[in-house]
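As structure tokens, the structure follows; a few thoughts come after it.
The values are calculated or read from the model by the stated rules, or taken from the named source; none is laboratory data. Only a predicted model underlies this, so the values are computations on that prediction, with no experimental measurement involved. Reconstructed Cβ throughout: ideal geometry from the backbone, glycine too, with neighbour counts over all protein chains shown. Protein only, heavy atoms only, side chains kept; ligands, DNA and RNA dropped before computing areas. Shrake-Rupley method; radii C 1.70, N 1.55, O 1.52, S 1.80 Å.
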Amino acid sequence: MDETWRATNNSYNSSNIRCDYFQGWYRLFYNGQSAQMPESCVNQYMCGTYYPMWLNGSHPRLEDGVVTRQVCGSGWSGCCTYKSLPIQVKACPGNYYVYEFARPVICGAYCAVCLPSDPCYNYTILDEYWRDIQANYYYSSGNDSLVEWRGWYRLYLRGLSAQMSEWCVSTTQCGGETGLSLNGSHPRLQDGVVTREVVGTNDWVWMWSSSSCGSYKSNSIRVKACPGDYYVYELVKPNASIPRPMYCADYCTEVQLFATIFAFQNISSDPCYNYKSLDRPWRANNESGTYICDYSFSWNGWYRLFYRGMNIQLPETCVSSYRCNTQIPLWLNGPHPQTEDGVVIREVCGGTYWTQCCDYKTRPIRVKACPGNYYVYELVRPNSWCAGYCTNYDPCINYNTLNDSWRNILSYGYIYGSSANYDDTGVNWDGWYRLFLNGLSAQMPEWCVSYLACGGFSSLWLAGSHPRLEDGVVTRDIYGSYFEQCSYYRSDPIQVKACPGNYYVYKFTRPDLSIPSPAYLRFTTPSVDPCYNYNSLDETWRATNNSYNSSNIRCDYSQGWYRLFYNGQSAQIPESCVNQYMCGTYIPMWLNGSHPRLEDGVVTRQVCGSGWSGCCTYRSFPIQVKACPGNYYVYEFVSPVFCGAYCADVTRLSAASSTTAATPTAFITPTVITTGVRDHCSELSCSEDEHCGEKNGVYGCLCNTNHSRWHSESFDFSETCESSSGSMSVSRCQLFEAGFSADILHLNDPSCKGTVRNGRVEFHFDNNEHICGTNLVANGTHFIYDNFILGTPRTEGLISREKILKLSFSCAYPQTQTLSMNVEINPLESIVHKSLPAGEGRYRVRMIPYQDDEFTRPFTGSLDAELNQEMHVEVRVEGVDSRQFALVIDTCWATPVNDPDYSLRWDLIVQECPNPNDDTVELLQNGVSTSSRFSFRMFIFTANSTKLYLHCAVQLCLLSSNHCSVNCNSGQHWRKRRSLDFHDSSSISMGPLMLSEGNTDKWVKDKVKVSKASSLCASLMVLFVFMMSFLILL
């Protein structure tokens, strides 16, 4: 509808008064230019009519869809003398509106007012190839501060739509000397016109500056997102003080990204299936020695990274300079995406020995997560200098599997009969290995193992304990046995690492060639609790007071978990020497060590055999032992390498004891008991991995072939830990096949039942309204949430011999890891956090300065403080349960540079109390909640330093211990070390705090003490580890 008389400045013509009598959807124009209804009062007799009609309310936004608005008609008594029928209005792409006009009840007409000129359709094209931020043209004579900029511009590069870069890229020129980029994200369509700050990065500054990116601040510009996925910019003359500034253009527009994602719907173009393999071991972050520059290579397309054939990825954290066999190692400054995220853009960082981790920034790259748990990267040529992409080599992820059954410590002589057929000196060992036995995770033994075990002649074992998670990679000696001499041979040391998930990896090397047929050993730990899954052994001839019968000499050849009895009474293996020829055998076998306690779990003990030359003439394979509730022990017996038998110590038996021997559990077939009549398969809703079937007379969902348990004592389970909660799911069909129906399972609290979803039985607990019997304990290194899934069959009668299922699991906060934060922070809010893989949690510590002593107004932007001005600081932890944990500041100190280990420092808080040498420090709150607060007065170190950097070492404490806070006024506040309720300390940094320029004449050279106390620079990152074990009870 384009009628000029509808204009709000057009008065009516008495000879031609206009009245609207139509209805329907209309768009308004004025002389061909888009128009809209006015949103404010129009004087009577305007718009060519008696009663001009205007919109009594604002126009909608695009996302609002169709809305209803009131229409007013101006009359003699006011702006809204008449109210016509409401109309519907909709905002449309392209910045215009449509109206469903209704016939007025008066002689009136809908008014029109011209829209302001839309820069999305009124712009100047700027297409100059040298502005490309991704190129490195040596054309540097450009200077945008000499250009007379007028109005709005749309960027192109070689005819393709482009946009200003949102990324800092070092060594960028864009045709000048200082590349200008947008300091913030582009707006969305619904945002309209926004103002964005423009920053400049100089081509040379990054080499010596610790904050080169955005080191120049130019004049702000206005930006608008336009329909058609492009942007327009109201460019202005840059700050004249910037050396030859030039606006940079980038191809990485959102429209291209969306088009790429759409195109990937076709598998033939999806980079997850169309990539180049890049297997360069020298790119690993543990490699160094030479300088290879990726600027010299031609990068084209998508790449998948490997390390000697194993999947690998770019690192997400800082890599030290000169690693990865290059001068500036490049890493991903942000987390990898998830599969559902599609293609994302990530910043790429690097640093040299004279700059910090992310001072060198090259062009951003695109990344995609692919099915099969790997990533592909669209690698691009770095701008300049000798930089190279790194690969994040983690042996816990990048390992080879070793699953040879003959390596079992129980395979003596490789099942009695074959000689030493295997020799590890002939193996081409390459990298790290994880051990398995029959599909179950295994590890090397830490004790002496007899010769001829594990398929070779000399059995190689670990001379020392395995490391802990926090130990990282350690080196362990390797010993080899020769007949009964355990450490006769010494092979080359190997590296070992403990991994999340309770397993180890080993960097095997070629054993010493002087060792005859050496073979690395392995053994497995039980996945089902042997306290409830054992065989009973009640044979009186095993008594320590029973001598052998030459006509019936006993020799043990069986293996498995056993419980000892003597005439129905519970017995145990003797812990001291037994004379030769006792226990009904030639060589009686006894435990060379004490039995474990309940809390020790499964332990390994050496077994001795008494012979003619002494009590431990013979050494058999070590065995595993466990103490069980009910005051008895179970043993994993192995077949001895000689004719011997395990003894039963009758000297410990009580004459009054009369315990009936337990029925061996290994041969009981579990059953599922149900009541009532069911419609069998029609009620089960089996998933695609299951099929309906009958087992032991009961119908249920059985596993398809590809989903069956690969071991009778294993279940397909998954688990997640987040904050103070945990979840676990178990395969329904595997439970049913093991004899357990989903409806009998529950957590420690019987009211917390499982939920069946997609063929899995899911359980969940949290620390709010769904505790479910969860226990919180501390063991000196971890805070642990414990729970278990229990399945007790429905039975009637006095006794039952059906199995009980118990799946124990726990979520733990382990000792915090170290993460330094060596960057200046603006605004002055320091945040240290870590995003962790699935199944682990996210926590962060924040340090925030406030303007007031009520801690209600935090500083934003830079902080200029006067000498002796009172500063208020809060440190708080987020993501933990505030009802159970408190944050404790152990130490806070200040340095003149951004280095917590700097030799010149001033302590503010020492051992959880204010520094007695600084009476301006006041500790306002500490150890009572998840936040701690303190104040101090501003100072300087020297007349040449105007900055302060704060650092605090913090700890977490269990509130239930009642030892989280200390009375600093008692005079004896130095307390003993907490035993079971603390993490080791971690730290967080913040700065700079700037001295006000207007107060330089007030500087005072105060004497500053240099503390000799060591400091630990670590950011508090609480990692969640999920630990799983399960047991089946009789």
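Name the residue, out of Cys390, Cys396, that is modelled with pLDDT under 90, at negative phi and not acidic (Asp, Glu). Show your work before the answer.
Details: Cys390 fails: modelled with pLDDT under 90.
After ruling out the rest, the residue left standing is Cys396.
Per-residue answers, yes or no, for (1) at pLDDT 85 or above; (2) over 22 Å from Lys806 (Cβ atoms):
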residue: Ile673; (1), (2): no, no
residue: Cys681; (1), (2): no, yes
residue: Leu684; (1), (2): no, yes
residue: Cys703; (1), (2): yes, no
residue: Glu713; (1), (2): no, no
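Residue-by-condition table, conditions (1) modelled with pLDDT of 85 or more; (2) buried (at least 21 other Cβ atoms within 10 Å of the Cβ); (3) assigned to a helix (DSSP H, G or I):
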site	(1), (2), (3)
Leu278	yes, no, no
Ser298	no, no, no
Arg304	yes, no, no
Leu314	yes, yes, no
Asn325	yes, no, no
Trp331	yes, yes, no
Pro335	yes, no, no
Arg346	yes, no, no
Tyr353	no, no, no
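Mind checking which residues of region 582-617 are among the aromatic types (Phe, Trp, Tyr) and in contact with a Ser or Thr (Cβ under 8 Å, 6 or more places away or on another chain)? Lay out the reasoning, then the answer.
Pass one, region 582-617, residues among the aromatic types (Phe, Trp, Tyr): 586, 590, 612.
Trp590, the sole residue that qualifies.
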Can you give me the number of residues within region 1-51 that are open to solvent by 60 Å² or more (accessible area, probe 1.4 Å), in contact (Cβ under 8 Å) with a residue 60 or more places away in the chain and part of a loop (DSSP other than H, G, I, E, B)?
-> 5
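Does region 635-644 contain any residue that is touching a helix residue (DSSP H, G or I) at 6+ places or on another chain (Cβ under 9 Å) and charged (D, E, K, R)? It would help to see each step written out before you state the result.
Of the residues in region 635-644, the ones touching a helix residue (DSSP H, G or I) at 6+ places or on another chain (Cβ under 9 Å) are 635-636.
Right, trim to charged (D, E, K, R) and you get 636.
Yes, the conditions are met somewhere in region 635-644.
If you take the residues of region 615-630 that are among the hydroxyl-bearing types (Ser, Thr, Tyr) and farther than 18 Å from Asn408 by Cβ, which of them is least open to solvent (accessible area, probe 1.4 Å)?
At the first step, the residues of region 615-630 found to be among the hydroxyl-bearing types (Ser, Thr, Tyr) are 617-618, 620.
Now drop any that are not farther than 18 Å from Asn408 by Cβ, which leaves 617-618.
Numbers: Thr617: 37, Tyr618: 62 Å².
For region 615-630, the residue satisfying everything is Thr617.
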Within region 71-89, the residues that are surrounded by fewer than 14 Cβ atoms within 10 Å (Cβ to Cβ) and modelled with pLDDT of 90 or more are none
Here the qualifying pairs (Cβ atoms under 7 Å; residues six or more apart or on different chains; first in region 149-165 and closer than 16 Å to Val198 by Cβ; second among the basic types (Lys, Arg)) come out as Trp149/Lys237
Restricting the search to region 90-123, which residues are part of a strand (DSSP E or B), of a type outside the set (Val, Ile, Thr) and surrounded by fewer than 19 Cβ atoms within 10 Å (Cβ to Cβ)?
-> Lys90, Cys92, Tyr96, Glu100, Cys114
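Would you check which residues across region 896-948 are touching a residue at least 12 places away in the same chain (Cβ under 8 Å), part of a strand (DSSP E or B) and among the aliphatic types (A, V, I, L, M) and list them?
Keep residues of region 896-948 that are touching a residue at least 12 places away in the same chain (Cβ under 8 Å), which gives 896-901, 903-914, 917-918, 920-923, 926-943, 945-948.
Still in the list and also part of a strand (DSSP E or B): 906-910, 913-914, 922-923, 931-937, 947-948.
Answer for region 896-948, where residues must be touching a residue at least 12 places away in the same chain (Cβ under 8 Å), part of a strand (DSSP E or B) and among the aliphatic types (A, V, I, L, M): Leu908, Ile909, Val910, Leu923, Leu948.
Here is a yes/no grid of residues against (1) under 25 Å from Val607 (Cα atoms); (2) surrounded by fewer than 18 Cβ atoms within 10 Å (Cβ to Cβ); (3) modelled with pLDDT under 80:
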residue	(1), (2), (3)
Leu462	yes, no, no
Val474	no, yes, no
Ser481	yes, no, yes
Tyr504	no, no, no
Sort through Val650, Val634 and tell me the only one that's open to solvent by less than 40 Å² (accessible area, probe 1.4 Å), of a type in the set (Val, Ile, Thr) and under 20 Å from Asn533 (Cβ atoms).
-> Val634
Please verify whether region 747-769 includes one or more residues that are exposed (fewer than 15 other Cβ atoms within 10 Å of the Cβ) and at pLDDT below 75.
-> yes
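Does region 376-385 hold any residues that are modelled with pLDDT of 85 or more and either part of a loop (DSSP other than H, G, I, E, B) or crowded, with 20+ Cβ neighbours inside 10 Å (or both), and which are they?
The first filter runs over region 376-385 and keeps only residues modelled with pLDDT of 85 or more, leaving 376-380.
Across region 376-385, the qualifying residues are Val376, Tyr377, Leu379, Val380.
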Starting from residues that are free of Cβ contacts under 8 Å to residues at least 40 places away in the same chain and within 49 Å of the chain's Cα centre (by Cα), keep the ones in region 550-592 and report whichever is least open to solvent (accessible area, probe 1.4 Å).
-> Leu591
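Condition first: part of a loop (DSSP other than H, G, I, E, B), within 59 Å of the chain's Cα centre (by Cα) and touching a residue at least 24 places away in the same chain (Cβ under 8 Å). Now tell me which residues in region 52-77 satisfy that.
Within region 52-77, the first condition is being part of a loop (DSSP other than H, G, I, E, B), and the residues that meet it are 56-61, 65, 70, 76-77.
From what is left, the residues that are within 59 Å of the chain's Cα centre (by Cα) are 56-61, 65, 70.
Correct list: Asn56, His59, Pro60, Arg61, Gly65.
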Please indicate, with yes or no, whether at least one residue in region 857-871 is under 25 Å from Glu922 (Cα atoms), in contact with a Cys (Cβ under 6 Å, 6 or more places away or on another chain) and modelled with pLDDT under 85.
-> no
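Name the residues in region 826-856 that are within 30 Å of Ser727 (Cα to Cα), modelled with pLDDT under 75 and of a type outside the set (A, V, I, L, M, F, W, C), would you?
His833, Lys834, Ser835, Pro837, Gly839, Glu840, Gly841, Arg842, Tyr843, Arg844
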List every residue pair whose Cβ atoms sit under 7 Å apart, with the two residues 6 or more apart in sequence or on different chains, where the first one lies in region 440-452 and is closer than 21 Å to Ala498 by Cα and of a type in the set (Val, Ile, Thr) and the second, anywhere, is assigned to a loop (DSSP other than H, G, I, E, B) and modelled with pLDDT under 70.
-> none
When only residues in region 227-266 that are farther than 20 Å from Glu148 by Cβ and modelled with pLDDT of 90 or more count, which is surrounded by the most Cβ atoms within 10 Å (Cβ to Cβ)?
-> Tyr231
Taking region 926-946 as the search range and keeping residues that are open to solvent by 50 Å² or more (accessible area, probe 1.4 Å) and modelled with pLDDT of 90 or more, which one is nearest to Asp853 (Cα to Cα)?
-> Arg933
